[in-house]
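For reference, the structure I am asking about is given below.
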Amino acid sequence: MEANDSNTVRTAERSGFSQSLERGLSVLDAFAGMHSTLGIAEIAREVGLNKSTTHRYVNTLAVLGYLHQDPESRKYRLGARAVEIGFAALNSIEITRVAAGPLQRLADETGFTVSMAVLDGPEIVYIERRRTGQDRQLDLNLQVGSRLPAYCTALGKVLLAAEPPAQLRALLDRIDLARRAPNTITAREHLLAALDRIRRGAVAVNDEELTPGLRAIAVGVRDRSRRVVAAINIAVHTTGWNASPDALMRRLEPALRRTAADISGQLGFRDPTG
């Protein structure tokens, strides 16, 4: 009797369910993560449909503006309408509204690119990014919505350090600590030691761990529950300022921490130490 009741509930829950809409959304979802451009065969493999069915969904989404096909490679990327929806969703998040002004002021004050990100599994997702006219050296084609591995970024290490031990272990089990740049941390015990220092109040540092020539420092942003809900960073390319990580921190850490405290305060965080 209980099994029949359970089946009835599931049937009722799905009575208005559209499989076609689900498949269309799964095509868009295939572009999440590190996949910025995909061909029909790749999309079909991601969503588990045959090429003919996949092509029909992809063509519909392209006609509606949710996907855009590159005329040369014939591959697809997210179109303007999908990006607009993404931006609208991000803009509805309180933290981006609160952070926009302080981050722009930080970028203007320091002359360097400033970003904010949140953790999504083993990756970070950029939710705010502010540049200044003085900073022309940093161009990694990053924007709001871009994703990067958490383990080799200052932003990501701040967010990983804030995870409870069990969740952190589960996340690290999903991460391939591949070498991406001269100083990428590829040993799990070394990464755990770095996260422990961050957890105890140290600034997270990316010293050419993501890509050659890029350095960054990051700290966390907390909400009223005292949780680290996001991280902000200042990124510097060595072609613009070839300072050591220590010099970078001496000059930029106070302003970075002040900005994080400003945003956290606006989110309701109250430092118990005063």
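The values are calculated or read from the model by the stated rules, or taken from the named source; none is laboratory data. Computed from a predicted model, the values in this text were never measured in an experiment. Ideal geometry is used to build each Cβ from the backbone, glycine not excepted, and the neighbour counts take in all protein chains shown.
Residues that are modelled with pLDDT of 95 or more, farther than 21 Å from ASP223 by Cα and not in a helix (DSSP H, G or I): does the range 168-176 have at least one?
no
A quick yes/no check of all residues on (1) hydrophobic (A, V, I, L, M, F, W, C); (2) loosely packed, with under 13 Cβ neighbours inside 10 Å; (3) without any contact (Cβ under 8 Å) to a residue 40 or more places away in the chain; (4) touching a strand residue (DSSP E or B) at 6+ places or on another chain (Cβ under 9 Å):
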site	(1), (2), (3), (4)
ILE175	yes, no, no, yes
ASN183	no, no, yes, yes
ALA187	yes, yes, yes, no
ALA194	yes, no, yes, yes
ILE198	yes, no, no, yes
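Check whether at least one residue in the range 26-48 is of a type in the set (S, T, N, Q) and exposed (fewer than 11 other Cβ atoms within 10 Å of the Cβ), and report yes or no.
No; the residues of the range 26-48 include none that is of a type in the set (S, T, N, Q) and exposed (fewer than 11 other Cβ atoms within 10 Å of the Cβ).
Tell me, please, whether a residue that is polar (S, T, N, Q) and touching an Asp or Glu at 6+ places or on another chain (Cβ under 6 Å) can be found in the range 215-229.
So far as the range 215-229 goes, no, none of its residues is polar (S, T, N, Q) and touching an Asp or Glu at 6+ places or on another chain (Cβ under 6 Å).
Say we look at the range 71-86 and pick out the residues that are assigned to a loop (DSSP other than H, G, I, E, B) and of a type in the set (Lys, Arg); which of these is nearest to ASP29 (Cα to Cα)?
It comes out as LYS75.
A further question follows. Looking at (1) without any contact (Cβ under 8 Å) to a residue 60 or more places away in the chain; (2) under 22 Å from HIS190 (Cβ atoms), find the lone condition where THR238 falls short.
Here THR238 meets the rest and fails (2).
Sticking with this one: Does any residue of the range 182-198 turn out to be at pLDDT 90 or above, within 25 Å of ARG226 (Cα to Cα) and not in a helix (DSSP H, G or I)?
no
Here is a further query. From the list GLY213, GLY268, which residue is at positive phi and either surrounded by fewer than 15 Cβ atoms within 10 Å (Cβ to Cβ) or among the hydrophobic types (A, V, I, L, M, F, W, C) (or both)?
Residue meeting the stated conditions: GLY268.
Among the residues of the range 76-91, are any under 30 Å from ALA178 (Cα atoms), at pLDDT 95 or above and of a type outside the set (Ser, Thr, Tyr)?
No: the range 76-91 contains no residue that is under 30 Å from ALA178 (Cα atoms), at pLDDT 95 or above and of a type outside the set (Ser, Thr, Tyr).
Taking the range 33-70 only, how many residues are assigned to a loop (DSSP other than H, G, I, E, B) and under 28 Å from VAL144 (Cβ atoms)?
Looking only at that region, the number is 10.
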